[in-house]
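Encoded as structure tokens, the structure appears first; notes follow it.
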């Protein structure tokens, strides 16, 4: 057993022998389907505490050709899979943990030199009869070994993204590291399987990745590895039954990561043969593994989130007020959901251009769950961490604003004009003087005031309807079909009547006929002078509320 080469089964044996062990070995059957194919490059990103290292230990124990692990795996779930032992004890395994090489290194360049020296020395000692030549690096040494012996490698890299967390601002060093991995791994015959694991997905520069040969399995798109990303509901129920724990309590505290797999194309799949259609993707509700194990072992339902660097990241990044990020965080803490565009995130902890980038990072760190294009706080344990991170006095005005937003929404539904006007004025003042004297500023103030509406509605701006475009339309989400549509028309230094006339003349309500629920038209007009109120009934509609300022 070597330090890096063929590390053996010791670590995985300890996991199997532990009092609580969840058998995820069928994951090996999926990896076996990728070995020696174009899809042999696998990058798995998970939050801390989600079993990444245990999975890496399992992979090493299975493929290591110097380790006799047949008896161990024959007693696990993998043995129930077809051809489960196809690649058992079949390859040389190279296991690297990047944190080991960062320790004691002054920079990324020094770390790569240290890594190369350590691993090439061990490889050359293991294969002393190979003629290596004078230019020694990982690529040339492994090429020589493969050429002389035909032996291929399974390469397992744990904490692959530690460089981006330890040296977040060293862009040149990061590129050097990515180039090193690409030159070492891409299109190399000596690679039978390359498996990388970390917290963050592969770093992008712009829209491109230097390691584009890897398929990524993340908390956003776990694909075929979805059921292995955490503990499933069935697995947690089994633990609770075995140890006599209250499942509903554990579910409330540690459940909530919603993921969907993608069924791989398989022409021999029984459903495909029987129906002519691919089987449906499976949805999983995942639990935080470490927290469940601690709760089951101790019987204590507590916050087991460790004070790691990711905890510090939460405190730091949610205080950045990108595009109203603070308001979004408070809304999420109140149980809301927020639509998010994940496409711009550069997969690091420094390149943030907007609120969506930070929300996307929080998905990968495990602080948010992602489902159907929206984020939400997954469970009470994580909510507890958010509460700890928002105790600073600077958060109190935001909490007050969100409380006012809920009051405003309820007053709007009740057609309470006075309360609506008072809360709208407060939100308009909170938007700041630079936003006060314009239609654009009023639009911002209204969105701020109705922030809590995202819990019930989908907001459409400049929605094409009737003969024109309505400024803001809030359409209820399907589960809140009993709520009315809110249609808002904005006018600066014009009367509420002008806004109402435009709604009628351009037949905005007609364009919303496909919506089968109630409709409430909130027409906001602006002009200098005191606040006044009026209600207007359109033919066939409910009474509507207008606030004139």
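In table form, for the structure just shown:
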read-out: Selection count where residues are without any contact (Cβ under 8 Å) to a residue 12 or more places away in the chain and in a loop (DSSP other than H, G, I, E, B), scope segment 145-181; value: 1
read-out: Failed item, numbered, when residue 327 is tested on (1) assigned to a loop (DSSP other than H, G, I, E, B); (2) surrounded by 14 or more Cβ atoms within 10 Å (Cβ to Cβ); (3) touching a residue at least 60 places away in the same chain (Cβ under 8 Å); value: (1)
read-out: Meets criteria (touching a helix residue (DSSP H, G or I) at 6+ places or on another chain (Cβ under 9 Å), part of a helix (DSSP H, G or I) and either modelled with pLDDT under 95 or surrounded by fewer than 16 Cβ atoms within 10 Å (Cβ to Cβ) (or both)) for residue 142; value: no
read-out: Number of positions in segment 53-62 that are within 21 Å of residue 293 (Cα to Cα) and buried (at least 20 other Cβ atoms within 10 Å of the Cβ); value: 4
read-out: Criterion (outside any helix (DSSP H, G or I), modelled with pLDDT of 80 or more and surrounded by 15 or more Cβ atoms within 10 Å (Cβ to Cβ)) met by exactly one of 459, 490, 486; value: 486
read-out: Residues located in segment 183-202, provided they are within 23 Å of residue 218 (Cβ to Cβ) and over 25 Å from the mean Cα position of the chain (by Cα); value: 184, 185, 186, 191, 193
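The values are calculated or read from the model by the stated rules, or taken from the named source; none is laboratory data. Because the structure is predicted, anything quoted here is derived from the model rather than measured. Virtual Cβ from ideal backbone geometry, glycine too; neighbours counted across all protein chains shown.
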